[in-house]
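Below: the structure, in structure tokens.
The values are calculated or read from the model by the stated rules, or taken from the named source; none is laboratory data. Just so we're clear, the structure is a prediction, and the values are computed from it rather than from any experiment. So basically every Cβ, Gly included, is an ideal-geometry build from the backbone, and we count neighbours across all protein chains shown. These area figures cover heavy atoms from the full protein model, side chains too; ligands, DNA and RNA do not enter into them. Shrake-Rupley method; radii C 1.70, N 1.55, O 1.52, S 1.80 Å.
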Amino acid sequence: MSSKITKVKGIYDILGKEAKAFSLIEETFFKLTKLFGYERVFLPILEREELFVRSVGDTTDIVEKEMYTFEDKGKRKVALRPEGTAGAVRAYIENQVFLSESYTKWSYFGEMFRYENPQAGRRRQFYQAGCEYFNAPLPTADGELIYLASWILKELRVNAELYINNIGCEKCRPRYKAYLIDYLFSKKEKLCSDCQKRLERNPLRVLDCKNPTCRDIVEEAPNILDFLCEECKDHFEKLKEILDILKIPYKVDPFLVRGLDYYTKTVFEFKVNSLGAQNTVLAGGRYDNLIKELGGPDIPALGFAMGVDRVALCILNLLEDKREGVIILPFEEKYIPFALKVFKLLSEATNILEKIEEEIDTKKFLFVKNLMENEKLRNFMIEVRNRIELPNKLGKIKKLFNLADKKNFAYAIVIGEEEVEKNFITIKNLETREQFNLPLNMLEV
Ligand code: ATP
Ligand code: MG
């Protein structure tokens, strides 16, 4: 046998139950973002490296240590995207979307890459579902965005706590930074080695360090909220009022900063207690200067990204193995032509069910009506709509039923001598083991 090729470290196949969780997350995310006016966009995974250096920031962990960068055959320096906002902003500017739209709401779902230490909830290829809201200066936009995020998590039955902060703007943050640096320098020896470096290059990141000694030092550090300018203070007060009106519980965490440099004013995170160290499932904030800094006009914006892999971890045990759908089981090979006819009739009938409203007085409708008036047949037809499959193996009927059970079908259609002769099917409810018949002429219109 040839040797096996394994996957790359930190990169995973999403299969089985996890894939189900991913699909549910994607579906829920797009259902609710659409409700709030977001349009789905499809953005490149590969961008110029410079985009992330200039937006995420050259002193952030992401850019300093975690980016997958390489030179393409045309000698361009490119990177696999570590996050979605930078690319969205690039696309917004490059396509001059701001000229034709007064404000813009985009949603996306896709893979991100960061060369981190793989552990529970931390992967090198992971997935984010994200939203960007361009040209929205009012705090109502922050409130609406947070409301949307909390609704998505609630709908997915993820129990998360919201933390908010305001990290100021280019007017007030420098003064805070100066005070913070002074304070941190006085504690320099006690800080972890990473934070000693951060102190020089990106002091705000010290506030975010997970090291227990650093955390103690941070507790006594100057508080950004005492340094906010009038505009930022007002924005924060209004946001809190909005969250109160929308009845969204939150905690203010003055030491909440994010690992990306582009944020201004509002930042927020949703955390889940049960997840251990990697407990942030959704994070975001305002980035009022980013569009300008990337060469676009002066347009305020905000957004969030949800960590799909982590949300999937939260909901895995909530996903039930529900019986669903119908499998057709002919006893022998000679019944396969009849099985194919049944398959075609039933799958087409689902099409007609979809059109029930439009074709209300046609002959087709009458047969559907007959079907749907019988409770047993109605439940069966609902499952036909969920899934209908042909057999791909022949064998003893007991073995076939076992297979149907293992694949979690709700019903099996049994086809034997009598069924073919008299043109009907026997339907077996695999849960209750109850059987009933359906004459095929009810489907033939
Ligand atoms: P963390 O501090 O947890 O690393 P972050 O500040 O780096 O998060 P963001 O860049 O804001 O995270 O990304 C938003 C969300 O994406 C995170 O809250 C998390 O749920 C998810 N995420 C980030 N990095 C990873 C990763 N390496 N593996 C899995 N999910 C991730
Ligand atoms: Mg990180």
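Observations, loosely collected:
- Residues in the stretch 64-93 that are within 17 Å of Glu293 (Cα to Cα), of a type in the set (A, V, I, L, M, F, W, C) and within 13 Å of ligand 1 (Cβ to nearest atom): Ala86 alone.
- The stretch 265-280: number of residues that are within 15 Å of ligand 1 (Cβ to nearest atom) and assigned to a strand (DSSP E or B): 7
- Residues (within 19 Å of Leu443 (Cα to Cα), over 31 Å from the mean Cα position of the chain (by Cα) and surrounded by fewer than 20 Cβ atoms within 10 Å (Cβ to Cβ)) located in the stretch 384-413: Leu390
- Of the criteria (1) in contact with a Lys or Arg (Cβ under 7 Å, 6 or more places away or on another chain); (2) away from ligand 2 (no atom under 16 Å from the Cβ); (3) of a type in the set (D, E, K, R), which one Asp234 fails: (1)
- Residue within the stretch 127-134 that is of a type in the set (Asp, Glu), assigned by TED's automatic domain parsing to the domain that holds Ile242, open to solvent by less than 70 Å² (accessible area, probe 1.4 Å) and modelled with pLDDT of 95 or more present: yes
- Counted residues, the stretch 108-117 - those being open to solvent by 20 Å² or more (accessible area, probe 1.4 Å) and within 8 Å of ligand 1 (Cβ to nearest atom): 2
- Selection over the stretch 62-78 of residues that are more than 16 Å from ligand 2 (Cβ to nearest atom) and open to solvent by less than 30 Å² (accessible area, probe 1.4 Å) gives a count of 1.
- Checking the stretch 142-154 against the condition returns no match, with no residue being in contact with a Phe, Trp or Tyr (Cβ under 9 Å, 6 or more places away or on another chain), of a type outside the set (Ser, Thr, Tyr) and within 24 Å of Lys65 (Cβ to Cβ).
- Within the stretch 86-116, being closer than 13 Å to Phe52 by Cα and either more than 16 Å from ligand 2 (Cβ to nearest atom) or of a type in the set (Val, Ile, Thr) (or both) holds for Gly87, Ala88, Val89, Arg90.
- Selected residue (criterion: surrounded by the fewest Cβ atoms within 10 Å (Cβ to Cβ)) from residues of the stretch 3-59 that are touching a residue at least 40 places away in the same chain (Cβ under 8 Å), aromatic (Phe, Trp, Tyr) and in a helix (DSSP H, G or I): Phe30
- Candidates Ala305, Ala312, Ala283 - the one that is touching a Phe, Trp or Tyr at 6+ places or on another chain (Cβ under 7 Å) and in a strand (DSSP E or B): Ala283
- For the stretch 148-155, the criterion of being under 19 Å from Phe22 (Cβ atoms) and within 12 Å of ligand 1 (Cβ to nearest atom) is met by at least one residue.
- Just one of the numbered conditions (1) closer than 30 Å to Glu383 by Cα; (2) more than 16 Å from ligand 1 (Cβ to nearest atom); (3) part of a helix (DSSP H, G or I); (4) β-branched (Val, Ile, Thr) is not true of Ile242: (1).
- Where a residue in the stretch 389-404 is under 16 Å from Gly416 (Cβ atoms) and its partner, wherever it lies, is assigned to a strand (DSSP E or B), with Cβ under 6 Å and at least six apart: Pro391/Leu329; Leu400/Leu329; Ala404/Ile327; Ala404/Ala412
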